[in-house]
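Data first, discussion second: the structure below is written as structure tokens.
The values are calculated or read from the model by the stated rules, or taken from the named source; none is laboratory data. Everything quoted here is computed from the prediction, not taken from an experiment. Cβ placement follows ideal geometry from the backbone for every residue including glycine, while neighbour counts extend to all protein chains displayed. For the accessible areas, the whole protein counts, side chains as well, though only heavy atoms, and no ligand, DNA or RNA atoms are used. Shrake-Rupley method; radii C 1.70, N 1.55, O 1.52, S 1.80 Å.
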Amino acid sequence: EQPLLDSDEVRLTVSHLVESYAGIAMQSDFVQTFNVEPRVTAIATDSLLIVAYGQQASMTIQAQPAAAAKGKTLRVSTLGGTIATVDATEVALDDQGKAVITVGGELPGCTVITFSVDNTDVEAQTVVNVKELSPADVNVDWKVDATDICEVIRAMGATATPAAAKRADVNGDGHINI
């Protein structure tokens, strides 16, 4: 069985030979054409978003197919708003079926954001993990490494190379333990 395409039409024909429920014959064939309307079948989003405590992170959500999602409303809800907040609870999907929301890390912990599209039963969820960030993690990659040390040294007006900073990793685990 082949699924219908968005550009397909369905033609319904009822023969004049059938009788109505009251037993009355039709005078002529009934013919009507219907356009196939696309339906949202999925919402694509990250399964996990890590946000620094007191910071914000943006995420892109896409309803698929885009032709069905264009102009529809994406609903956004959080499981409570104490751990993470969102900047909007309703967002219009663009021509590609996409929307961008901003998530704020309010308290360390985990929560869930749920996404849905109006007039569909399609849903998606993202787990949000709000973490405290180390002050030494200058580039916010959740680890203190040679790159962070170089940035700190440069901010102090000195020069450093990644090779020199890597020598500070005394136990060779890829992190500089402070």
Taking the Cβ-Cβ separation of residue 53 and residue 141 as r and a Förster radius of 25 Å, what is the calculated FRET efficiency to the nearest 0.05? 0.95
For residue 90 the rounded accessible area (nearest 10 Å², probe 1.4 Å, non-protein molecules ignored) is 110
Could you list the chymotrypsin sites (Phe, Trp or Tyr not before Pro) in the range 2-99 that lie in coil according to DSSP, counting only those with at most 16 other Cβ atoms within 10 Å of their Cβ? 21, 53
